[in-house]
1. Need the failing condition index for Ser512 against (1) surrounded by 12 or more Cβ atoms within 10 Å (Cβ to Cβ); (2) among the hydroxyl-bearing types (Ser, Thr, Tyr); (3) under 30 Å from Glu425 (Cβ atoms), just the number.
2. Go through segment 125-139 and report how many residues are outside any strand (DSSP E or B) and aliphatic (A, V, I, L, M).
3. Scan segment 214-231 for residues that are farther than 12 Å from Gly540 by Cβ and in a helix (DSSP H, G or I) and jot them down.
4. Restricting to segment 516-547, count the residues that are under 18 Å from the mean Cα position of the chain (by Cα), under 20 Å from Asn162 (Cα atoms) and of a type in the set (Gly, Ala, Ser).
5. Test each condition in (1) closer than 19 Å to Gly57 by Cβ; (2) touching a Cys at 6+ places or on another chain (Cβ under 6 Å) for Ala243 and report the one that comes out false.
6. Scan segment 476-512 for residues that are under 22 Å from Val437 (Cα atoms) and of a type outside the set (Asp, Glu) and report the count.
7. Only one of (1) within 30 Å of Leu543 (Cβ to Cβ); (2) out of contact with any helix residue (DSSP H, G or I) (no Cβ under 9 Å at 6 or more places or on another chain); (3) surrounded by fewer than 20 Cβ atoms within 10 Å (Cβ to Cβ) fails for Arg153. Which number is that?
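The values are calculated or read from the model by the stated rules, or taken from the named source; none is laboratory data. Because the structure is predicted, anything quoted here is derived from the model rather than measured. We place every Cβ from the backbone using ideal geometry, glycine too, and count neighbours over all the protein chains shown.
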Amino acid sequence: MPSTFIPNSPETAEGLDIVAACPECGGGNSWRLLQTLRLCGYCGSALWWPRDPGRPGFLVAEDATERPEALLDVLQTLDAMRERSRLIGLLADRERANGKIPIDRSDDPTVPSVDDLKGERRHLFALDADYKVLAPYVLISSTLAFHALGRSRGGGLKEFRNLFFQLEEIAPAYQPPWNFRDRGLWVAKQRLRPFAPADFAFRPIARRDDAVQPERLATRWLRQRLLILPDLEPISFDSSLIAPNPWWVFRPFHYVRARTPMRDGWFLVDGQFGNVAGYPDADEVHRATARDWTPLDTREIRGAAARVIGFRCPECGADVPLVERTELQLCGNCGRLLAPSPSGLTTRPYELVDRASIPWWPKSGGVDVAWLPFFRVELSVTPAETPLLAEWPECWIPAFEALNVGRYDAWAFEWAGALTRIRPERCERRFYLEEPVEKANRVVPAAIGWETLRPLLPRLLVELLPKPAQTRLNPMILKKIFAGRFDVKKMTLVFVPAPVTTEGERRVLGPSSAVGWVPLRDGKWPPVLKRDVRRALERGKELAEPEDEEV
C-alpha cells in the first residue's frame, strides 16, 4: 500500500517557508520557521513576528492537488509507474525464459516513459467525488545540544564538547481512528501559510490535547550517540532540547472516488506531497464524508501573523538598516544597539573590548576587524567540588550564529575559553561614534539569545577549561560539577575585535586557529558544515560499528 512521501535524502527544513501576508500592503512574504524580522518585499515595511512557545501558531500546508486535474494527475502518475514496472517485468521474464540474465531497464528508452504512459492512458480515468480534510500535526523547531566527554576524531585526546544540531520534527496530532498513513513522516522543504477563516470549509480535524510534548517528539534523538561520532568517540554524554518552538500544522488530504485502470473506488491522496497515501475503507470514507462533522472551535485558532513596527532609532531618529539574521539591530548613525518591541525599537546596552587586550592580535597590522559578540557572565559557583570553575570571576560565551556549524563551533569556544582566562578590559564606547566601523570591517550579529543558553551554563563552562584540564575529566567529576550551583550575578553583551586577514582566502584569526571569513560575515554556511540531526545521523552511520543501534 502506498504511504505518505518520505524523502530519501537527509535534507531538512532549511527550505521550509511560511508565506504570510504583509499587514500593510497584503504582499506575501516568505519567513523561515524561527525568523522574527524582515522587510516586506513589496512595500518595504519593517515586519516583526515574535514567537510565543506557549501559544503555538496555526499553519496550513500548501495543497498541491487543489484542482480536479491535479488529483487525476496523481492517480495517473501512480498508474503509469506501475504499468512501466509491469512492462519491464515482462521483458525480464522473457529474458529469463531465453536463458539470459535480465538487465536493468530503469533508463531503457525502448520502454515507454511515465509521461508517455500517462498520455496514452489518460482517457481511462474519471473523478467522481472529492472530499478534502485538514489533518492536524504538531511541528517542533528546536536545537538539540549534546554535552559529551570523549576522544577527538583527530588527535584522540580526551576533551569535553558541546555539540549543537538543528532539529525539526513533525508528528500526528489527530485522534484515532483517523489514519493518514504517515508513519516515518518528517519535515521536508515545503511551504506553509497561516490558518485562514476560509480553511474552516475544508473540515479541519480536532487536535489531541497532549500533542505538544517536545521531549517526547525528540525522544529518538536525545540518546542517539551516532550524532556525536563524526566529532567524538563518546565516553559519556547527555543532551538538552533548547527553546523548542511548536506550531500546529494542518496538512491537506483528499478522499477521492475515481475510476482508474488500477481500481474503481476510494483513494486517499496526500495533498501536500501530491501522492497516493493509501486506500481508505468504508468506515474511513464515512467518517470523512459524514454531514455531522464536529468543527474546530474558532476560539482555538490563534493567528500566526507579523506586525508592522517603526524602524527608526529612538535616540537619534535615523532609519535603522534591518538585519534579518538577528533581533538585535545596530543604528548606523549613533551606534546604539536596538531590539524590536510592539512600540518600535528600544535600546540595549553593550560594551567593547580594545584591540590592545587581544594577545594574538598581529603585530604587523594590515588586518581588517570582525567584531564578535559574546556574553560576559559574572558567576558565583558552589560547591567546593568545582575549584577550578569557582576561581573564575567571569566567563565568556559565544553569542554569534556558529554553534551548530562544524569547525566554527570549536573555534568560537576557543575564543570564549581564551577570553575567560585573559579577562580583557572593556569600555562603553559605541560603534560609529567612538569606534569607527570602516567599510572593510563588520559587526557580526548577536544572533543567539541569552535566555537560550542560560539553562546550559554549567555544561558550557566545562568546554572553556584548558585542554590539559579536560583530559583529566571523567563521568564522576562531571556529575559533581553539574550538581553544583551556578548563580549569574551579571550578564553583559560584549563585542570583541577579531583580526581578519586581507590577502588570499580571507580568514578570521583566533587564539590558535582560523576560519573562513565570508560564511561568518554573511551567515551563509556550506551545507556540509551545518549540523542537523538527519545529516549527522547519516555521517554517524558511516563511522559506526556494525553493532551500533540505529534510529
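1. Of everything listed in (1) surrounded by 12 or more Cβ atoms within 10 Å (Cβ to Cβ); (2) among the hydroxyl-bearing types (Ser, Thr, Tyr); (3) under 30 Å from Glu425 (Cβ atoms), Ser512 misses just condition (1).
2. Residues of segment 125-139 outside any strand (DSSP E or B): 125.
Filter once more, keeping what is aliphatic (A, V, I, L, M): none.
Residues flagged as outside any strand (DSSP E or B) and aliphatic (A, V, I, L, M) within segment 125-139 amount to 0.
3. Listed by number, the residues that qualify are Pro214, Glu215, Arg216, Leu217, Thr219, Arg220, Leu222.
4. Residues in segment 516-547 being under 18 Å from the mean Cα position of the chain (by Cα), under 20 Å from Asn162 (Cα atoms) and of a type in the set (Gly, Ala, Ser): 1 in total.
5. Against the list (1) closer than 19 Å to Gly57 by Cβ; (2) touching a Cys at 6+ places or on another chain (Cβ under 6 Å), Ala243 comes up short only on (2).
6. 16
7. Condition (2) is where Arg153 drops out.
Condition check ((1) assigned by TED's automatic domain parsing to the domain that holds Ala410; (2) surrounded by 13 or more Cβ atoms within 10 Å (Cβ to Cβ); (3) out of contact with any helix residue (DSSP H, G or I) (no Cβ under 7 Å at 6 or more places or on another chain); (4) not hydrophobic (A, V, I, L, M, F, W, C)) across all residues:
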position: Val462; (1), (2), (3), (4): yes, yes, no, no
position: Lys467; (1), (2), (3), (4): yes, yes, yes, yes
position: Asn474; (1), (2), (3), (4): yes, no, yes, yes
position: Pro497; (1), (2), (3), (4): yes, yes, no, yes
